[in-house]
1. Could you tally the net charge around M72, taking each other residue with its Cβ under 15 Å from the Cβ of M72, Lys/Arg +1 and Asp/Glu -1?
2. In segment 19-149, with Lys and Arg counted as +1 and Asp and Glu as -1 at Cβ, which of these residues, G57, G84, N68, has the Cα nearest the positive end of the dipole, that is, farthest along it?
3. Less than 14 Å Cβ to Cβ from I276, Lys/Arg counted +1 and Asp/Glu -1: what total charge do the surrounding residues give?
4. R187 to D213: FRET efficiency via 1/(1 + (r/R0)^6), r the Cβ-Cβ distance, R0 41 Å, to the nearest 0.05?
5. When ranked by the protection proxy of mean other Cβ atoms within 10 Å per residue, highest first, what sequence do the peptides 184-192, 132-140 form?
6. Determine which residues of segment 93-124 fall in the zone a paramagnetic label at R157 would reach in this model, i.e. backbone nitrogen under 18 Å from the point 7 Å along Cα→Cβ.
7. Using 0.36 nm per residue, how much length does the chain from K114 to S37 gain when fully extended, once their Cα-Cα distance is taken away?
8. Fewest to most neighbouring Cβ within 10 Å: what's the order for Y252, Y206?
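A short reminder: the numbers here are calculations on the coordinates, not readings from a lab. Source: prediction; values computed, not measured. All Cβ positions, glycine included, derive from the backbone under ideal geometry; neighbour counts span all protein chains shown.
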Amino acid sequence: MAVTYGFFNSLNHDRVYNADQMSYYFKGLVSDGVYESIGSAMQVTAGGGMNVQVGTGRALINTKWVENDAIMTIPIAAAHVTLGRYTAIVIELSIPDRLIEIKAIDGTPASSPKKPTITKESSTIWQLCLAYVYVPPGATAIAQANIEDKRGSEECRFVTGLIDQVDTSHLFDQWQDAFETYYTQMRARFDTWFESLTESLNINTYIQQYRKDVSISQTNVIPLDMELYAYSEEDIILVFINGLLGIENVDYALSVADGIAYIATTTEAVGTAVSILALKSRIGFSTLGTSTGQAVATSGGQQISI
């Protein structure tokens with residue numbers, strides 16, 4: 001085990017330093033990765049046909065620096081006829097070759113392809129992955145949607161360091177304490193005001209529920225034609241598909257025609273179970289009539305069917 005130090009002026013060549021010692025000066029001060037604020041931070045974009053482009057930028061890899069001052073075009077190997085593949089766009093440091101380059105590394109084509117393994121902290125090869133490119137079977141061009149940006153992730157972090165990091169935890173604690181104190185005071189005042197308001201107005205609110213359960217057969221378009229139900233934009237519509245709560249404009253779409261609302265599920269699979277809940281708020285009502293299904297208002301303690 002040896003102690004290394006530097007730098008001092010040389011007297012009769014008694015202090016000679018190599019490139020590693022110069023680079024290691026930054027070790028622990030600056031992390032490996034891409035500089036976020038230089039150029040386009042080496043962003044990988046579609047370059048037309050079976051090509052991608054790496055933008056301008058600067059990076060550090062194992063304390064060595066690399067800079068790209070012009071857009072670089074990297075060809076992507078031809079797609080497999082029937083199998084998909086991932087290709088990694090990496091910055092690679094080869095210590096034996098004393099070389100840093102930006103290159104493509106192909107994964108193995110498969111029906112469920114895996115991303116190429118990125119080599120880090122090796123004695124010979126270090127890699128930072130800028131992006132993964134998915135190459136679909138038979139592809140003749142690379143789409144931007146198939147480029148997965150990995151900058152800022154474990155595969156390729158953004159450079160941090162150079163200055164002392166400010167510990168803001170005590171500032172946050174102070175803000176959190178002030179917020180909680182203010183929130184507690186305001187919530188108590190609001191509760192007092194709201195309680196006095198509801199007592200003086202004596203207004204009841206009833207949430208009326210309408211439900212429809214269907215199973216997709218010939219069509220995935222379901223009308224909201226529940227008994228006594230009339231759709232309103234203020235209603236809350238919940239759609240459960242095979243027991244899972246759906247997301248509007250993702251799992252289903254809501255449309256209205258001739259005053260009737262329709263739910264169209266994105267899945268058309270026969271047998272899919274769909275449950276629809278329509279919730280309607282009725283201010284001034286306290287319950288629902290048991291015989292007619294109508295809401296009931298209260299006035300002076302007397303129930304009046306509406």
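1. Combined, the nearby Lys, Arg, Asp and Glu give -2.
2. G84
3. Value of the local net charge: -3.
4. Values: r = 40 Å, r/R0 = 0.97.
It comes out at approximately 0.55.
5. 132-140, 184-192
6. Backbone N within reach: 93, 118-122.
7. Using 0.36 nm per residue and subtracting the Cα-Cα distance, I get 24.6 nm.
8. Going from least to most buried by this count: Y206, Y252.
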